[in-house]
Each structure stands twice: as C-alpha cells, then as structure tokens.
1. Among L187, L151, L210, which is among the aliphatic types (A, V, I, L, M) and at pLDDT 90 or above?
2. Which of the residues spanning the stretch 80-124 are outside any loop (DSSP other than H, G, I, E, B) and either in contact with a Cys (Cβ under 7 Å, 6 or more places away or on another chain) or β-branched (V, I, T) (or both)?
3. Could you list, in sequence order, all residues of the stretch 185-207 that are crowded, with 17+ Cβ neighbours inside 10 Å and over 23 Å from R157 (Cβ atoms)?
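The values are calculated or read from the model by the stated rules, or taken from the named source; none is laboratory data. Nothing here was measured: the structure is a model prediction, and the numbers come from that model. Every residue, glycine among them, receives a Cβ derived from its backbone with ideal geometry; neighbour counts consider all protein chains shown.
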Amino acid sequence: MEYVETEGDSVDEAIEKALNILGLERDQVEVEVVAEGRKGLFGFGAMRACIRATVRRPLRVAEEKGAGEQERMAVGQRGRGVVAEILRLMGVEATVEVKPGEAPEEVVLDIRSGAGGLLIGHRGQTLEALQFLATRIVGERRGDEGVQLVLDTEKYRERRRRSLEDMALRLGEKAKRQRKTVSVDALSVADRRIIHEVLRDDPWLTTKSLGTGPYRRLLIIPEGDRKRKESEKGN
C-alpha cells in the first residue's frame, strides 16, 4: 500500500488514523491535506478533515527510483557478503542465499544454518537486529536505500506472518465479543503493520498504536458499526 486517505474531526486525527493503517511513523509519510474540515454553525455546514498519507521513499516501490532487477541483485549480493561476514565474526557456520522478496523492492537473504533458533531470537528480535545492521552497512556504501534487504531463516518470516494474522483475527473477535479494547504489547513496526492490515476492513474494529520507540503497544478497539456508517456517509 503506497497511500491512504482518511478522515477525522481534525487534520491531526486523520493523520493518526492513516499512520495506524500503514503501521508507520509520522516521518515516514508525506501528508497532503485534502480538506481542512470545519465545525459549521449550529451543526450545519460541518465538514470532516480529510488527508492523503503517502509512503515516503525508500519505503515506496523501488522501481519508482529506477531500481531494476540488476540493481536489486547487486544490492542482494553486497548484502549477502555483509551478512556472511557478520555471521563469521559471530562464529556461526552458515550459507546465505539471495532470493526475490514478496514485494518488488525486497531482496531476501535466506540464511541456512544449524543455529536458526539463535539467529531468530525472542520474537525475531535478533534477526531484526541483524537485518538493521546489514541494511545500514549496505546503505552507507551505496548512498541509496531504495532496495530493501529482508533477512530470513527457517521460513521464520512466513511463520511469523501467519501467527500474527491468526492472533489479529482471534483478538479482534475477543474485542467485539467482550466489547472491550484488547492490548497487544511490544510489537515491531512490521508486526503492527500486519495486524493493521488484517483488521483494516473490519467495520466493527479500529486499531491504534500507542507509545514511543520502535516497539509499541497496539490497541484493538471495538467500534460498533461506526466505521461502516462513516463510509456510507462519505459515499
């Protein structure tokens, strides 16, 4: 998803909704105010604020920056060398294979090792740290971060996504059944984005990130059918 349009009682509220849907931070999107919104007089002439939030580069599709297959493979090969050297210094015997990712801008570095559990770490935090380090090293060398490196081992990314999708649906049903907000603690940006995506179109639920830093709480909030009514009103 490259952009979303959201409404709110104010521009700030509309921006917050967009960030929750995209699972991103404020500095990762460009905001265009479509309508400032106004309160009206005695309830007449009121208009909700509307904004369009567009994902900033380098999070946008790499082809928009002219990054073709050859460039992605070149970045992948550099990343492969960096990750292999990091693992060697860690004393981990492993091979690293370059693969295409799910999105056009992604290059997957698949680590084959007998130490998969060690490399993944608690909730994938070690793998995320390795990915961050490799991305910074490769990015500094090329001066352009259009192509995204994704580290994986033992199909952890696929298993993690399925687990988060199942959890999102289960907790969403719990929130609706109990009519109470459900809180999920300490999720990364990528994990929060998956849950936002799964529950985004549910007219009975709203999701919201809470806190500061890369790992935040995520709230699943029962909204009745307010979202459906707002959509019908907008149409």
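1. Unique residue meeting the criteria: L151.
2. In the first step, residues of the stretch 80-124 are kept if they are outside any loop (DSSP other than H, G, I, E, B); the result is 80-90, 94-100, 106-113, 116-120, 122-124.
Of everything in the stretch 80-124, those that are outside any loop (DSSP other than H, G, I, E, B) and either in contact with a Cys (Cβ under 7 Å, 6 or more places away or on another chain) or β-branched (V, I, T) (or both) turn out to be V82, V83, I86, T95, V96, V98, V107, V108, I111, I120.
3. Across the stretch 185-207, the qualifying residues are D202, W204, L205, T206.
One line per residue, one yes/no per condition, for (1) without any contact (Cβ under 8 Å) to a residue 60 or more places away in the chain; (2) crowded, with 20+ Cβ neighbours inside 10 Å; (3) not in a helix (DSSP H, G or I):
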| site | (1), (2), (3) |
| --- | --- |
| L130 | yes, yes, no |
| A134 | yes, yes, no |
| G139 | yes, no, no |
| L149 | no, yes, yes |
| E173 | yes, no, no |
| K180 | yes, no, yes |
